[in-house]
């Protein structure tokens with residue numbers, strides 16, 4: 001199994017993404033439930049249009065974020081960081 005496939009399988013088992021969006025001189029982060037599509041390597045999530053992160057997110061918005069599991073011990077922490 002290649003690395004991208006392994007990461008995709010792990011992401012498909014998680015539920016919450018923290019994503020940060022930047023516009024002009026403003027930066028904002030939010031948590032959201034997501035669905036991961038391994039075929040397009042994309043996160044799908046919903047946000048209310050009236051929220052700050054909803055207003056800042058758009059086709060050309062710069063984003064970065066994290067997904068991590070919730071293990072019972074620090075030794076088992078796994079996570080993914082991304083930008084795009």
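The values are calculated or read from the model by the stated rules, or taken from the named source; none is laboratory data. Keep in mind that this is a model prediction, so the values were computed, not measured. With ideal geometry, Cβ positions are generated from the backbone for all residues, glycine too; neighbour counts draw on all protein chains shown.
Here is a yes/no grid of residues against (1) within 17 Å of residue 84 (Cα to Cα); (2) at pLDDT below 90:
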{"site": "5", "(1), (2)": "no, no"}
{"site": "17", "(1), (2)": "yes, no"}
{"site": "23", "(1), (2)": "yes, yes"}
{"site": "26", "(1), (2)": "yes, yes"}
{"site": "33", "(1), (2)": "no, no"}
{"site": "36", "(1), (2)": "yes, no"}
{"site": "46", "(1), (2)": "no, yes"}
{"site": "50", "(1), (2)": "no, yes"}
Within the range 13-23, residues under 15 Å from residue 64 (Cα atoms) and out of contact with any helix residue (DSSP H, G or I) (no Cβ under 7 Å at 6 or more places or on another chain) come out as 16, 17, 18, 19, 20, 22
Quick one: is residue 69 at pLDDT below 85 and over 23 Å from residue 8 (Cβ atoms)? no
